[in-house]
Amino acid sequence: MIYGSSFFYDDDGVAVWPAQVINYTDKTQFLFRIEKGVLDVNNDGVNDFFKPDEMRIPFINIVYIGDSDTDVPCMKLVNINGGHSIGVYNSETNDKRNVFRMLKENRIKYFVPADYTENSQLEHLVHCIIDRTRSNEVLERMHYDCIDESNQESSR
């Protein structure tokens, strides 16, 4: 799932105005909305308790890509919850000072050039994360199956 702002379109399908804008202070809220599957901004269910196996997209399966200090709270949130934060930098200037700092401060796990084209380092990294996520999901499902079976046995 890729999440971002949405737009209002005219009759010709041309974006004419933002329909929803997510600023840097809203980003962390939306990560929790994505995790719980509560995407409607008018639904305060984002504050409800969800058991770990009820999360729509657990943080461990979230990939956050950012390029600036406004992304730091989300990057940190994703990282401390087992997800994957990627810092991107301008490959033309090759200025990596910001990503080096974010890596040192445990705000990102990886950094690559901000190149979103096919066969880029970013694409390769995201594919590796997807492969790891696939394996994690199999193991998590097995874990929750074991818990379910144990609970059923305990209730007899």
Q. By how many nm would the segment from Glu92 to Arg132 grow when fully extended, if each residue of separation counts as 0.36 nm and the alpha-carbon distance is taken off?
A. 11.4 nm
Q: Starting from the amide H of Ser85, placed 1.01 Å from N in the peptide plane, find each other amide H under 5 Å away whose residue is 5 or more places distant or on another chain.
A: Tyr64, Lys109, Tyr110
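Indicate the gyration tensor shape class of the range 1-60 (rounded, prolate or oblate), computed on the Cα atoms with a ≥ b ≥ c the square roots of the eigenvalues: a/c under 1.5 is rounded; otherwise a/b larger than b/c is prolate and the rest oblate.
Since a/c reaches 1.5 and a/b is larger than b/c, the shape of the range 1-60 is classed as prolate.
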(Q) Tell me which of Gly45, Met102, Asn81 sits at the most positive position along the dipole axis of the chain, charges placed on C-beta atoms (Lys, Arg +1; Asp, Glu -1). (A) Met102
Q. In vacuo Debye scattering of the range 49-135, one point per C-alpha: log10 I(q)/I(0) at q = 0.16, 0.18, 0.19, 0.21 Å⁻¹?
A. -0.63, -0.78, -0.85, -0.99
Q.
Can you give me the C-alpha center-to-center distance between the range 8-37 and the range 51-67, rounded to a whole angstrom?
A. 18 Å
Q: At q = 0.14, 0.20 Å⁻¹, work out log10 I(q)/I(0) for the chain with the Debye formula, treating every Cα as an identical point scatterer and leaving solvent out; two decimals please.
A: -0.85, -1.32
(Q) If I model a spin label at Arg101 and Phe32 as a point 7 Å from the Cα along the Cα→Cβ vector, what separation in nanometres do I get? (A) 2.8 nm
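Going through the cross-link list Lys27/Lys109; Lys51/Lys96; Lys36/Lys109; Lys36/Lys76, which pairs have a Cα-Cα distance over 28 Å in this structure?
Numbers: Lys27/Lys109 19 Å; Lys51/Lys96 39 Å; Lys36/Lys109 23 Å; Lys36/Lys76 18 Å.
Distance filter (> 28 Å) returns Lys51/Lys96.
Note down the net charge around Asn43, summing +1 for each Lys or Arg and -1 for each Asp or Glu among other residues with Cβ under 15 Å from its Cβ. Kindly include the intermediate steps, with their values, before the conclusion.
Details: positive: Arg33, Lys36, Arg56; negative: Asp26, Glu35, Asp40, Asp44, Asp48.
Counting the neighbours of Asn43, the net charge comes to -2.
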Q: Within the range 94-147, report the GluC sites (Glu not before Pro) that DSSP leaves as loop and that have at most 13 other Cβ atoms within 10 Å.
A: Glu105, Glu118
Q: Would you tally the net charge around Leu125, using a Cβ to Cβ cut-off of less than 13 Å, leaving Leu125 out, and scoring K and R as +1, D and E as -1?
A: -1
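What percent does the relative contact order of the range 33-144 come to when contacts are Cα pairs within less than 8 Å and at least six residues apart? Intermediate results must be reported in sequence, preceding the final value.
Numbers: 139 pairs, mean separation 20.3, N = 112.
Dividing the mean separation by the residue count of the range 33-144 yields 18 percent.
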Q.
Give me the extension gain from Asp40 to Asn151: residue separation times 0.36 nm, minus the current Cα-Cα distance, reported in nm with one decimal.
A. 36.6 nm
Q: Please give the net charge around Pro113, taking every other residue with its beta carbon less than 12 angstrom from that of Pro113, where Lys and Arg add +1 and Asp and Glu add -1.
A: -4
Q) With the chain treated as a Gaussian network of Cα nodes joined by springs under 10 Å, which of Gly66, Gly82, Gly13 yields the largest mean-square fluctuation? A) Gly13
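Only the coordinates and a few stated rules stand behind these numbers; no lab work does. Since the structure is predicted, the reported quantities are computational estimates derived from the model, not experimental observations. Cβ: placed from backbone, ideal geometry, glycine included. Neighbour counts: every protein chain shown.
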